[in-house]
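The values are calculated or read from the model by the stated rules, or taken from the named source; none is laboratory data. Being a predicted model, the structure only gives us computed values, none of them experimental. Backbone-built Cβ (ideal geometry, glycine too); neighbour counts: all protein chains shown.
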């Protein structure tokens, strides 16, 4: 339930920031193709002048996150962290569990398509894309690995000042294929990245 509260809180904060900091005439009207013009007119530098970001995320998983822009609307998103916090969070997936605590390490990589919703002094984008997650865990009797396909969907909030900051929230429907053939789950995280 805390993940839903965090998602709702970040969504409300994002909406408030967009409504208070964006001017009505600054909304996207199709946009141009010149990235340098857009980056110097009081908008964010994330994805335009600054292509690589590192930060942190809280949720499932909790850890470090990175994003590398490979095009105007495409990025590689990756994360390394801890997975499985909560009572019996890994139950039903054939994974070993104890009552509370992180049970495993995780690595995910996603290819994202990102599209603009609002552009102004703040920029709100949404993203979607296919990806994969690997999970390794301890306390098992042999099969200490899980593999999943995932499809993250989320919101990204960027600012003109500070121009190197991106806040994000995402939910990722997940299909575990190893060690069990078919097992569904939903992962979610919110976080921040700082771009270089």
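Applying the selection to region 173-191, what residues are in contact (Cβ under 8 Å) with a residue 60 or more places away in the chain and crowded, with 16+ Cβ neighbours inside 10 Å?
If the condition is that a residue be in contact (Cβ under 8 Å) with a residue 60 or more places away in the chain and crowded, with 16+ Cβ neighbours inside 10 Å, then 176, 179, 183, 185, 187, 188, 189, 190, 191 are the ones that fit.
Of all strands (runs of 3 or more DSSP E) completely enclosed by region 102-195, which ones contain at least 1 residues that are modelled with pLDDT under 95 and in contact with a helix residue (DSSP H, G or I) (Cβ under 6 Å, 6 or more places away or on another chain)?
Passing ranges, in order: 104-119, 122-128, 153-159, 183-195.
When the residues of region 118-139 are narrowed to those that are touching a residue at least 24 places away in the same chain (Cβ under 8 Å) and over 30 Å from residue 160 (Cβ atoms), which ends up surrounded by the fewest Cβ atoms within 10 Å (Cβ to Cβ)?
It comes out as 138.
Would you confirm whether any residue within region 21-31 is closer than 20 Å to residue 117 by Cβ, surrounded by fewer than 13 Cβ atoms within 10 Å (Cβ to Cβ), in contact with a strand residue (DSSP E or B) (Cβ under 9 Å, 6 or more places away or on another chain) and at pLDDT 50 or above?
Within region 21-31, none of the residues are closer than 20 Å to residue 117 by Cβ, surrounded by fewer than 13 Cβ atoms within 10 Å (Cβ to Cβ), in contact with a strand residue (DSSP E or B) (Cβ under 9 Å, 6 or more places away or on another chain) and at pLDDT 50 or above.
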